[in-house]
Every structure is written in structure tokens, then in C-alpha cells.
Amino acid sequence: MAGTLMTESGVRQVQRRTVVLLSAAQVFGGIGTGATVSIGSILAVELSGSSAWAGAVATVMTLGAALAALPLAALADRRGRRIGQVAGLSAAMAGALLMVLSVVTGLFVLLILGAAGIGIGTAASLQARFAAVDLADAEHRGRALSAVVWAVTVGAVTGPNLIQPGAVVGQALGLPPVAGPFVISAAGLLLAVVLLFFGLRPDPLLLARELAAVPSLNQSAGQPAANPAGRPVNQPAALQARAPGSLVRGMRAIRASRAALLALAALVGAHGVMVGVMSMTPLHLQELLAGPGHSGHAATGDVLVIIGFTISLHIAGMFALSPVMGWLTDKAGRPETIMIGFATMITAVAVAGFGQDSTTAVAVGLVLLGVGWSASTISGSTLLAESVGQESRVVVQGVSDMLMGAAGAVGGAASGLVLSQAGYLGLNMAGAAIGAMVLGAAILTRAARQRGSATP
């Protein structure tokens, strides 16, 4: 087996290459998601003939990502990260091509199917962050995970700006100009698939399991072998007897670990609050800028510019500081960084909510919301990856991504109702209440851990 021949330096080399490959794939694959988000609502209205379907593409993408998370994790659990990633990104590539076909044929159903494919690719991209820590040592897990998350920034920024170059590509291929961005997306996804299919060898998950099941060549005499997580390895039979991936098995493993429960609460809570507040902010800004004292903005068309700039700042807050959050996760600790993340999110919704009459305050709040989401998600993902056993880790990660997606869908759907009943301040205060509950759970978990370490 490769594990019996792999030295410690060889494992580190594989880990570095894995992070680089996953990051590059995230850049190429993220373009498809960015393009779909920026153009999808326009195409939905155009092809359906009704503005009522404007949010259909975003909704289907979100649901597709949530529903695909567990099957993709189960596939990775059986066949390795490489196959799971390639399958998800291949579905996204097919989705991008269906988007092109929908424009050419004018069929709305193809647009929806294409959005579902892109959503599956989003689920694969989310799971790439876990692949980055399969071989990472405990001191560098946060940084490895954050490097892959940070790579999403390039795709997220590039995707919405493909309209003009995409139009040129579309015309050159004899296609409608609006189909061009999806051609570029499909090409980027193809590069990501090829890169991972041929480059992600050895598979990081399969290698980690193999290393966990055999003695290390570098171990001291009489000492048990250690896996890349730094834990003793003396249960190879358990690794050989993994049951098929399932929601039940994943939830059972999560419930057995207080740290895993905190990690899941952090991931789900942060995503639900972020999506809920972010999705209603454009509508709030539109109403604000069209109101008394802002008629000049509405008349000159500056509304869309201000809204777009605010959301761009929010996205930058989500991803641009990922390496910093990874470093903080490794240095300060996982629960501690979760606490910092949710404290930042509570501050964010307070600034945006109580400053709802100021576009500057709302923008500052959205940036802080993105930063808090980044800290909570990176630290929560890292904590989750190391809080459950090797035999159930991949399925647990799939469960967390599925519930994250569900929280985003519920948050986005419920936020409109909350906004209409309680206003923008009420929406932000609802987010603050959720954040306070997770922050309290993190404080209790940290206190329990300190009491446990103090016990002789």
C-alpha cells in the first residue's frame, strides 16, 4: 500500500499539492456560479415571460446544492474525494451547457435544469474545503481550509463580470450574446474537472485512511502510529467496516460529540443569518433610496450602483479575509474563533438594523456580516472535521453542507415575511437572536472544555 511507503515529508508534499489543486479548481469552477447568479434572474424573466419567476434560478441552485450535499459526500466516502469532486463539477458543467441550450431554444425548463446542475457543483465546491484538511496536521488545518475557501473569491468576482466578454464569445460562436458567459463557465468547469481527475492523485481522503490503518515508518519503537490529525491509530478494523453513508449515521456521529454539535450549530446558524439579512438588503436599499431625501438617487439610476457596490463589499467580507480567519482558527482555537465570528455578526446586524436609514451604515453592517460569516464558517468547518471519527467524517461533512443549504433556503424564504411584518430592523434583530444563541453555546462549550482539561 502507498501508506506503508509514504514518508512524513511525502505526506506534506501531497497535502501542499492537494491544496493548490483544489484552490485552482475553485477558481475555474466558481466562475459558473458567479455567472449564473448575475444573469439567471434576467433569463428567468425573459424565458418564462413573468417577473414572478425572477428568483427561480437562485432558489433551484440553493435547493440543488442542499439536496446534492449528502449524495456527493456518500460518493466521496466510497470512492474518494477525487471522484466526488469530479462528479459534482461535471454536473455543473452539464448545467452550464443546459443554460446555453435554454437560451438557444427559449425553453424555461432547460434553464431550471441547468440551475440545478450548477447547484450540484456548488455542493462539490463546498466539500472541497474539507478535502483540504484530510491530510493536514492539527496546527495548520484552519489555514489549509481557508486557502480553498479564499479561492472562491476569484470566481465570485469574475463570474458577474463575464457579461461583456461573454457576449463577444457568444457572437463568435454564432450564439445569442447572453449565452456567451455560460460557454465560458462550461470551459472553466471542464478545466477544473480535468485538473482534479488527473491531478488529485493520490486521493487525500483515501491516503489519510490508509495512513491511519498502517504503522508509520517514522514512529518511535513501541509507540502507536499517528494519523495526520495527530491521533493514535489502533483501530484499523473500524476503518474497514464503514457502513454506507446516510443522514442517520451522520447525525448519530454529530450527536455523540459536543464539539461537533457546536460546529454544526455555527455552520447552520451563520449561513441562515447571513442569507436572510443579505437577501433582503437590496430591497431595503431600493425602498430607502426611493424615499424622501433620496429621490435624486432614484431619478439618476444610482440605486442599482449603490446596491451592487454594497453586495460586492459583502462578498469581499465573506471571502477576502479567509486566510486571516484560517490563521486565527489555528492560533486562537476553534470555539474561540466561532465566538469571534458570532460576536462580529451580532455587531453587524446591530449596525445595519439600527442604522437602517443610512446607506453607509447598512454597507458597513453587510461587510461585518460577511467577515463574521467567514470566521464562523472556517472555524466551524475545521472543528467539525476533527470532532468525529474517521469512519463517519465524510458523511458528517455532507450532512453539515446539506443543513447549511437548507438553512440558507429557509433564511432566504422567511426573511421576506419577517421584513414585511417587522421591517429591516426586526429582520436584523431576529438574526441577532440566532447569533446570540450560538455564541452562548460556544461559550458553554469552551467553559466545559477548560473544566475538563483542568480535571486531574
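Can you tell me which residue among ALA348, ALA433, ALA447, ALA352 is modelled with pLDDT of 95 or more, part of a helix (DSSP H, G or I) and more than 25 Å from ALA58 (Cβ to Cβ)? Can you show your working first?
Values: ALA348 fails: more than 25 Å from ALA58 (Cβ to Cβ); ALA447 fails: modelled with pLDDT of 95 or more; ALA352 fails: more than 25 Å from ALA58 (Cβ to Cβ).
Within the list ALA348, ALA433, ALA447, ALA352, the selection yields ALA433.
If I ask for residues that are closer than 13 Å to ASP203 by Cα and not aliphatic (A, V, I, L, M), which ones from the range 64-104 would you list? Before you say what the answer is, go through the steps one by one.
At the first step, the residues of the range 64-104 found to be closer than 13 Å to ASP203 by Cα are 76-86.
Once the filter is applied, which keeps residues that are closer than 13 Å to ASP203 by Cα and not aliphatic (A, V, I, L, M), the range 64-104 yields ASP77, ARG78, ARG79, GLY80, ARG81, ARG82, GLY84, GLN85.
Are there any pairs with C-beta distances below 6 angstrom linking a residue in the range 319-347 that is among the basic types (Lys, Arg) to a residue that is part of a helix (DSSP H, G or I), with the two at least 6 apart or on different chains, and if so which?
Hits for this filter: ARG334/SER379; ARG334/THR382; ARG334/LEU383.
If you check GLY416 against the conditions, is it out of contact with any Leu (no Cβ under 7 Å at 6 or more places or on another chain), more than 22 Å from ALA124 (Cβ to Cβ) and either crowded, with 24+ Cβ neighbours inside 10 Å or charged (D, E, K, R) (or both)?
no
Can you tell me which of (1) closer than 13 Å to ALA73 by Cα; (2) surrounded by fewer than 20 Cβ atoms within 10 Å (Cβ to Cβ) is the one VAL109 doesn't meet?
(1)
Examine the range 410-419 for a residue that is closer than 28 Å to ALA256 by Cβ, in a helix (DSSP H, G or I) and out of contact with any His (no Cβ under 8 Å at 6 or more places or on another chain), and state whether such a residue exists.
Among the residues of the range 410-419, at least one is closer than 28 Å to ALA256 by Cβ, in a helix (DSSP H, G or I) and out of contact with any His (no Cβ under 8 Å at 6 or more places or on another chain), which makes the answer yes.
Taking the condition farther than 14 Å from LEU283 by Cβ and surrounded by fewer than 21 Cβ atoms within 10 Å (Cβ to Cβ), does ALA442 pass?
Numbers: farther than 14 Å from LEU283 by Cβ: yes; surrounded by fewer than 21 Cβ atoms within 10 Å (Cβ to Cβ): no.
When the stated conditions are applied, ALA442 does not pass them.
Quick one: count up the residues across the range 361-416 that are modelled with pLDDT under 90 and among the polar types (S, T, N, Q).
Residues meeting the conditions: 3.
Need the failing condition index for GLY121 against (1) at pLDDT 90 or above; (2) of a type in the set (Gly, Ala, Ser); (3) surrounded by fewer than 24 Cβ atoms within 10 Å (Cβ to Cβ), just the number.
(3)
Confirm whether LEU205 is assigned to a helix (DSSP H, G or I), in contact with a helix residue (DSSP H, G or I) (Cβ under 7 Å, 6 or more places away or on another chain) and either at pLDDT 90 or above or not aliphatic (A, V, I, L, M) (or both).
Working: assigned to a helix (DSSP H, G or I): yes; in contact with a helix residue (DSSP H, G or I) (Cβ under 7 Å, 6 or more places away or on another chain): yes; either at pLDDT 90 or above or not aliphatic (A, V, I, L, M) (or both): yes.
So LEU205 passes the test.
The values are calculated or read from the model by the stated rules, or taken from the named source; none is laboratory data. Quick caveat, the model's predicted, so the values are computed rather than measured. In this analysis, Cβ positions are derived from the backbone assuming ideal geometry, glycine residues included, and neighbour counts consider all displayed protein chains.
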